Structure formats: C-alpha cells, structure tokens
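The values are calculated or read from the model by the stated rules, or taken from the named source; none is laboratory data. Quantities reported herein were computed from a predicted structural model and do not represent experimental measurements. A quick note on method: Cβ atoms are made from the backbone with ideal geometry, for glycine too, and the neighbour counts reach across all protein chains shown. Ligands, DNA and RNA are excluded from the accessible area calculation, which covers all protein heavy atoms including side chains. Shrake-Rupley method; radii C 1.70, N 1.55, O 1.52, S 1.80 Å.
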Amino acid sequence: MTAISIHALAADELDAHADALARIMAETVSQGAAIGYMQPFSVSDGLDFFQQQVFPEVRAARRRLLLAKLDGLPAGSVQLITSLPPNQPHRCEVAKMMVAPAARRRGLGRALLQALDAEARAAGKSLITLDTRTGDRAEPLYRAAGFKTAGVIPGFALDPDGRALHATTYMYKTL
C-alpha cells in the first residue's frame, strides 16, 4: 500500500528540503511540464529558484509551500500565493504544481489539491485561481478537484522545449 503525506513547510524546514524540491522541479521540467521554465533545466537551476524566489516568500508569509511525500520520500509540491493586491484579499493563486515523473498516477496531485484547499481556507481565502497549459494532463485533475474554466488564451507561452507556443487555460474555484 502506498502512503501519501502532505506537509506545509515551515520557514525553519525549507533548507532541509531544498535539494529534494530542486530535483523534483528539474525532473518535471525535463519531462515537459509547462511551469514557466525552459529545457535544459538543472537541479542547480531548481535550487536557485527555490532559494531566491520561493523561500523568501514563504518566510515572509506571502506564500505557502506544500511538500508531498510518497512512502516517506519527497515526490511533489505545490505553492499557494496568498499575498495579492489589496483589492483581492479573498483570493489566492496556485503556482508550480509538480509531481515527480516516477510518482505520477498514484494520487499525489489529488492529495496536494485537497491540502491546498485546506491551506486556502486557513488563510481566510474564498477564491483560488490558477493557469495551466491547455490540454495538459493536469487540466482534468483540476476539474476533478472542482476548478472551473474561466477562459483560454491562445499562444500564451512556449513549451519547455521551445518548439511551439501553447495556449493556457485559466481556472478558478470558490471555497
């Protein structure tokens, strides 16, 4: 039986998980995930991303970082951006949903989204938004978790291999 656990990382836990998070990100981008980065993407690139962009935001309580473990080993993560403009105190954004390729199709994504809902509620949020590559394998997962499509923008971003532009689907969920 597979054991899944989800944990919101506290500021004093970030550095201990940096290498695992960077590895998951590098594997995810290498497999073609459209999370804002281009190939090639190294573990070192992932470390820079987490240490320079994510960890300071978590420490400042403007972002929450959830770590998924599969059988006790780090296998996925997602971020919840909770600090948005003053006219949007009720809203938060999902960022960088990642599940390591070897851990996919085992319920980690679903578990991360359930934990994300709990984090959003705990932060006093009533609306969650996200965007995802149109047609991506994550899109049905988001729908199954209760997200609705707000719209599609064609030619939004390059695929990670740089060969083509893809559309993005904006989605939302009310809590």
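Scanning segment 44-92 for residues that are surrounded by 12 or more Cβ atoms within 10 Å (Cβ to Cβ), polar (S, T, N, Q) and assigned to a loop (DSSP other than H, G, I, E, B) yields THR82, SER83, GLN88. The C-beta contact set for segment 70-90 (first residue over 21 Å from GLY36 (Cβ atoms), second residue of a type in the set (Val, Ile, Thr) and part of a strand (DSSP E or B), distance under 8 angstrom, 6+ apart or interchain) comprises LEU70/ILE4. In summary, GLU93 fulfils each of the numbered conditions (1) out of contact with any helix residue (DSSP H, G or I) (no Cβ under 9 Å at 6 or more places or on another chain); (2) closer than 20 Å to SER30 by Cα; (3) charged (D, E, K, R) with the single exception of condition (2).
Among residues of segment 147-172 that are open to solvent by less than 70 Å² (accessible area, probe 1.4 Å), those with a Cβ under 6 angstrom from a residue that is of a type in the set (Phe, Trp, Tyr), sequence gap 6+ or separate chain, pair up as GLY151/TYR170; ALA167/PHE156; THR168/PHE156; MET171/TYR142; MET171/PHE147. Can you name every residue in segment 119-145 that is within 16 Å of the chain's Cα centre (by Cα) and either in contact (Cβ under 8 Å) with a residue 60 or more places away in the chain or surrounded by fewer than 16 Cβ atoms within 10 Å (Cβ to Cβ) (or both)? Listed by number, the residues that qualify are GLU119, THR132, ARG133, ASP136, ARG137, PRO140, ARG143.
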